[in-house]
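Asks: This is the structure I have questions about; it appears just below.
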Amino acid sequence: MKTSNPVLARLGQAAERERAAGYAQPGPYGQPGYPQQYQPQPQQYPTPGYGYPAAAPTVTPMTLDDVVVKTVMLLGILGVSAAAAWALVPDALVGVAWIGAAVVGLVLGMIISFSRMANPALVVAYSIVEGVFVGMVSKAFESLYNGIVLQAVVATFGVFFLMAMLYKARVIRATPKFTRIMIAVIGGLFAVMLINLVLALFGVHTGLRDSGPLGIGFSLVCIVVASLSFVLNFAQIEDGVRMGLPQRYAWTAAFGIVVGLVWLYLEVLRLLSYFQGDD
């Protein structure tokens, strides 16, 4: 089945190879292979291709429930990691832990995103590191604006469930054009944020992350794009289930949702801080 999502297409190709391997393991002396549990036995198992169906695949396909369970698990791990970092990291080391977790999380995220194989261990490690990052950011904002973290959490999950309902009702669909535009916009936003960060390190302030009109406008754009990115996640999950991707690719789908939730939470947190005032 064809798909306009390049990530899903890449995973689909890898899954096809896995399923092919499940049907045909190499046999001795160049003979055709069969899955281990379906090795041909004399007078017991008819040879496929002579009026009998081929052996069943050894790869269990993922389901929507698999993705939901993995997503809840990753969010739970992230939440515990964030709470532990908040409670255990001293105030003097918040900045160091913040930057360190951000760098490690970025590296892990890039590896997972560009990997052709689902790696549950890396996805779990990403959730732990990202939890430290989120915990440090939240602690810093909460120390300045009491109650802002709870407001941001409620708003983030409210937006997520709203997007889920809109997608289920087919109000918003991940058409090929929508997918191409979203990928380009997300890439452009991250490029702008990276350039802005580099300029800030050299003492150049663009106002893109200040509480002025430009900063508020940019945060609103990021929140809208982060919200719409869930549509891509939902479509990827739906297509992945329909294509019969192996069960362990549910970790990759859950990873995509967690990334979107963290991005949305950070942008909502920042936007709320702009309206808190100086007291």
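Every residue, every condition in (1) modelled with pLDDT under 95; (2) under 26 Å from residue 138 (Cβ atoms); (3) in contact with a helix residue (DSSP H, G or I) (Cβ under 6 Å, 6 or more places away or on another chain), yes or no:
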{"position": "173", "(1), (2), (3)": "yes, no, no"}
{"position": "209", "(1), (2), (3)": "yes, yes, yes"}
{"position": "223", "(1), (2), (3)": "no, yes, yes"}
{"position": "258", "(1), (2), (3)": "no, yes, yes"}
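Asks: Taking residue 84 as meeting all but one of (1) touching a helix residue (DSSP H, G or I) at 6+ places or on another chain (Cβ under 6 Å); (2) more than 30 Å from residue 235 (Cβ to Cβ), write down the number of the exception.
Replies: Here residue 84 clears every test but (1).
Asks: Let me ask something else about it. Take the conditions part of a helix (DSSP H, G or I) and more than 28 Å from residue 274 (Cα to Cα) and apply them to residue 166. Does it pass?
Replies: Working: part of a helix (DSSP H, G or I): yes; more than 28 Å from residue 274 (Cα to Cα): yes.
Here the answer is yes, as residue 166 does meet what is asked.
Asks: Filter segment 88-111 down to the residues that are touching a Phe, Trp or Tyr at 6+ places or on another chain (Cβ under 8 Å) and more than 14 Å from residue 135 (Cβ to Cβ) and list them by number.
Replies: Listed by number, the residues that qualify are 108, 109.
Asks: Sticking with this structure for a sec: Being out of contact with any Ser or Thr (no Cβ under 6 Å at 6 or more places or on another chain) and over 30 Å from residue 121 (Cα atoms) is the requirement here; does residue 229 meet it? Steps first, please.
Replies: Working: out of contact with any Ser or Thr (no Cβ under 6 Å at 6 or more places or on another chain): yes; over 30 Å from residue 121 (Cα atoms): no.
No: the conditions fail for residue 229.
Asks: Out of the residues in segment 247-262 that are crowded, with 20+ Cβ neighbours inside 10 Å and of a type outside the set (A, V, I, L, M), state the one that is nearest to residue 127 (Cα to Cα).
Replies: 255
Asks: Would you please name the residue that is surrounded by the fewest Cβ atoms within 10 Å (Cβ to Cβ), looking only at residues in segment 216-237 that are over 11 Å from the mean Cα position of the chain (by Cα) and free of Cβ contacts under 8 Å to residues at least 40 places away in the same chain?
Replies: My answer is 217.
Asks: Still on this structure, please answer the following. Got a number for residues in segment 236-253 being of a type in the set (Gly, Ala, Ser) and either at pLDDT 95 or above or not in a helix (DSSP H, G or I) (or both)? So that I can check it myself, show each step before the final result.
Replies: Residues of segment 236-253 that are of a type in the set (Gly, Ala, Ser), as a first pass: 240, 244, 250, 253.
Cutting the leftovers down to either at pLDDT 95 or above or not in a helix (DSSP H, G or I) (or both) gives us 244.
Total satisfying the criteria: 1.
Asks: Go through segment 119-146 residue by residue and tally those that are outside any helix (DSSP H, G or I) and either farther than 19 Å from residue 94 by Cβ or modelled with pLDDT of 95 or more (or both). Spell out the reasoning first.
Replies: If we filter segment 119-146 for residues that are outside any helix (DSSP H, G or I), which is where we start, we get 119, 145-146.
From what is left, the residues that are either farther than 19 Å from residue 94 by Cβ or modelled with pLDDT of 95 or more (or both) are 119.
Number of matching residues: 1.
Asks: If you go through segment 86-116 one residue at a time, how many are under 27 Å from residue 250 (Cα atoms), in contact (Cβ under 8 Å) with a residue 24 or more places away in the chain and part of a helix (DSSP H, G or I)? Write out each step before concluding.
Replies: Initial filter on segment 86-116 (under 27 Å from residue 250 (Cα atoms)): 101-116.
Remaining after also requiring in contact (Cβ under 8 Å) with a residue 24 or more places away in the chain: 101-102, 104-105, 109, 112-113, 116.
Filter once more, keeping what is part of a helix (DSSP H, G or I): 101-102, 104-105, 109, 112-113.
Looking only at that region, the number is 7.
Asks: Scan segment 268-279 residue by residue and report those that are part of a helix (DSSP H, G or I) and either of a type in the set (A, V, I, L, M, F, W, C) or surrounded by 23 or more Cβ atoms within 10 Å (Cβ to Cβ) (or both).
Replies: Here is the first cut: in segment 268-279, the residues part of a helix (DSSP H, G or I) are 268-274.
Correct list: 268, 269, 271, 272.
Asks: Hey, among 47, 71, 60, which residue is among the hydroxyl-bearing types (Ser, Thr, Tyr) and at pLDDT below 50? Lay out the reasoning, then the answer.
Replies: Working: 71 fails: at pLDDT below 50; 60 fails: at pLDDT below 50.
One residue alone meets the criteria, 47.
The values are calculated or read from the model by the stated rules, or taken from the named source; none is laboratory data. Predicted, not measured: the structure shown is a model, and the values here were computed from it. Using ideal geometry, Cβ is built from the backbone for each residue, glycine included, and neighbour counts are taken over all protein chains shown.
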